[in-house]
Amino acid sequence: MPMFISPKLSLDKNENYALMLENLSGYLDRRLPPVSNLANMSAIIACFFADINWAGFYLHKGRKLILGPFQGLPACTEIRLGKGVCGTAALRRETVVVDDVGSFPGHIACDGNSRSEIVVPIMKDGALYGVLDVDSPLLSRFGTAEKTAFEKAVALLVDIL
Ligand code: SME
């Protein structure tokens, strides 16, 4: 079993993000089915980020994204490519950070408490695998440090998929 470091949040966000990545390295396992790795990854993100209300995955299937493992309130199960923040990041194949979801045209509100959002595309061998989606009840929750941390987390995932 991997060593799991206490999820008690430190006041230093960079310390929390480093611990998140350390835990991911311990838990992600290429011998497991993807659903097991995605489930643990959503839980680890939820443990190490303050002020987030949803963290999870949408997986690419045809012209849609389909809800995968997550932590948070029940969410919409299908998003068309190009729609919402998730579908936009998936179509562009680049991270999208939204400081105020109210000002993002076509934002899909799954949890009415969400105020800001980050979506990181997951690319495996040049193909879109899905997206990591994280929501916060605070405006402008996701800055450079958070974008870097989530992109590093996705890189660890891609390595074992
Ligand atoms: N807000 C997302 C939909 C997914 S939920 O946030 C979980 C979007 O606009 O794509």
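The values are calculated or read from the model by the stated rules, or taken from the named source; none is laboratory data. None of the values given here were measured: they were computed from a predicted structure. Every residue, glycine as well, gets a Cβ built from its backbone with ideal geometry; the counts of neighbours run over all protein chains shown. For the accessible areas, the whole protein counts, side chains as well, though only heavy atoms, and no ligand, DNA or RNA atoms are used. Shrake-Rupley method; radii C 1.70, N 1.55, O 1.52, S 1.80 Å.
Would you kindly find the accessible area of K64, with a 1.4 Å probe and non-protein molecules such as ligands, DNA and RNA excluded, rounding to the nearest 10 Å²?
Probe radius 1.4 Å; accessible area of K64 about 80 Å².
Please work out whether the chain counts as rounded, prolate or oblate from its C-alpha gyration tensor, where a ≥ b ≥ c are the square roots of the eigenvalues and a/c under 1.5 means rounded, while otherwise a/b larger than b/c means prolate and anything else oblate? Present the calculation step by step, with values, prior to reporting the outcome.
On the way: a/c = 1.72, a/b = 1.16, b/c = 1.48.
Note, shape of the chain comes out oblate.
Please find the FRET efficiency linking L138 to A18, where r is the Cβ-Cβ separation and R0 is fixed at 30 Å, and quote it to the nearest 0.05.
On the way: r = 22 Å, r/R0 = 0.72.
E(calc), rounded to 0.05, equals 0.90.
Counting Lys and Arg as +1 and Asp and Glu as -1, what is the net charge of the other residues whose Cβ lies under 10 Å from the Cβ of G72?
Numbers: positive: none; negative: D111, D133, D135.
Taking every Cβ under 10 Å from that of G72, the sum is -3.
Could you check the spin-label model distance between L32 and I108? Points 7 Å from the Cα along Cα→Cβ, value in nm.
Rounded to a tenth, the inter-label distance reads 2.5 nm.
Hey, can you find the accessible area per residue of the chain for me, probe 1.4 Å, expressed in square angstrom? Don't skip to the end; give the middle numbers.
Details: 8010 Å² over 161 residues.
Accessible surface, normalised per residue, equals 50 Å².
State the number of lysine pairs found in the chain whose Cα atoms come within less than 28 Å, restricting to pairs 8 or more positions apart or on distinct chains.
So the count works out to 17.
Report, to the nearest whole %, how much of the accessible area of the chain belongs to carbon and sulfur atoms, 1.4 Å probe, protein only. Each step should come with its number before you reach the end.
Working: 4360 of 8010 Å².
That fraction is 54 percent.
Distance from the Cα centre of the stretch 118-158 to that of the stretch 66-96, in angstrom?
When both Cα centres are located, 11 Å separates them.
Cut-off 10 angstrom, C-alpha nodes, Gaussian network model of the chain. Which of I108, I122, I52 fluctuates the most?
Highest fluctuation among the options: I108.
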